[in-house]
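These notes are about the structure you will find just below.
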Amino acid sequence: MKKQITLDFHHHLKAALVDALDEGLLEHDPTRRAIIKGVDPSNKKNKFLNLYELQKLLRHLDLGDELNWDWFILLVSKTGLRFAEALALTPEDFDFERQQIIVNKSWNYKTPIGNFQKTKNESSNRVVMVDWHLMNQFKSLIRNKESDWPIFVPHNKRVFNSTVNGLLEKYCYKLDIPTISVHGLRHTHASLLLYEGVSVASVAKRLGHANITTTQETYIHIIEELENKDNDKVLHHLSQLN
C-alpha cells in the first residue's frame with residue numbers, strides 16, 4: 001500500500017480515537033508511537049517532451065546507414081505512430097511519391113512468434129504525411145528490404161517494447177531531460193502539433209483516434225492553455241475596433 005494512503009488512514013483513525021479518549025470510552029491511545037509504513041510512490045514517466053527536449057534527443061540519435069532502434073525513435077517522433085503500428089511497417093507502406101506512410105496493420109509483438117494483426121480500431125487505418133527529408137532517409141534504408149516484411153523486425157527474433165523504452169530511458173538520463181516511453185513520443189508528437197496551431201480534428205485523424213473526444217480528453221491541459229492564448233488574441237483584436 002502507498003505510504004500516503006497509510007498515513008491518511010492513520011490520521012482519520014487517530015481523530016476518532018482521540019474523541020473516544022475525551023469521552024472516556026478508551027483508557028489510552030492505541031495509535032501512540034505507531035510506525036507508519038508503506039511504499040513510497042514511484043517516479044512516473046513524463047507524458048511528453050517540449051520542443052527543446054525533443055530536439056536534444058533527436059540530435060543525440062545514432063542514425064547510421066543501417067536501421068536500428070534510433071531510427072525507430074526518430075520515426076515515431078515524426079509520425080506519432082503507436083509502437084505496434086511502427087513495428088508493422090513494411091517497405092510497401094512507404095509512398096515516397098506522395099510523402100505518405102500507410103498505416104493499415106500492427107505487429108503482435110506480445111507473442112513468442114510475432115505476426116501481423118489489425119490496428120486498434122477502424123480509425124487507426126490511415127495515411128500519415130511526413131516530411132521529404134525523412135522519406136528520403138528511409139528510401140535509402142529500406143531499398144534492399146523484403147517488401148512485405150516489417151523493416152524493424154528480424155526474422156525469427158522476438159521484439160520487446162522494453163528494449164526501446166530502456167534505450168530511451170538511457171538517452172534521457174544522459175541528456176538530462178525528462179524520462180519518457182515510446183508512447184510518450186506519440187504524446188510529444190501530438191502535443192507539439194497542437195502548440196503549433198494544428199487543429200484538434202487534424203491531430204485526432206493523424207493519431208488514428210476513434211473520435212475527436214479522445215484527443216480532447218487526452219490533451220485537455222494543452223487545449224485549455226491554447227484557449228487562454230486565443231482569448232488574449234480575441235481581446236487584443238477587439239481593443240483595435242474602438
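No value in this document is a laboratory result; all are computed from the given coordinates. Keep in mind that this is a model prediction, so the values were computed, not measured. Using ideal geometry, Cβ is built from the backbone for each residue, glycine included, and neighbour counts are taken over all protein chains shown.
General observations
- Calculated FRET value between Q55 and F96, using beta carbons and R₀ = 45 Å, to 0.05: 0.95
- Counting neighbouring beta carbons within 10 Å and listing from fewest to most, the residues Y109, Y195, Y173 come out as Y173, Y195, Y109.
- Förster radius 35 Å - calculated FRET efficiency between E224 and L67 (Cβ-Cβ, nearest 0.05): 0.35
- FRET efficiency, 1/(1 + (r/R0)^6) with R0 45 Å, evaluated for A201 and N144 via beta carbons: 0.70
- Residue pairs exceeding 31 angstrom between C-alpha atoms, taken from K139/K229; K120/K145; K78/K229; K47/K145: K139/K229; K47/K145.
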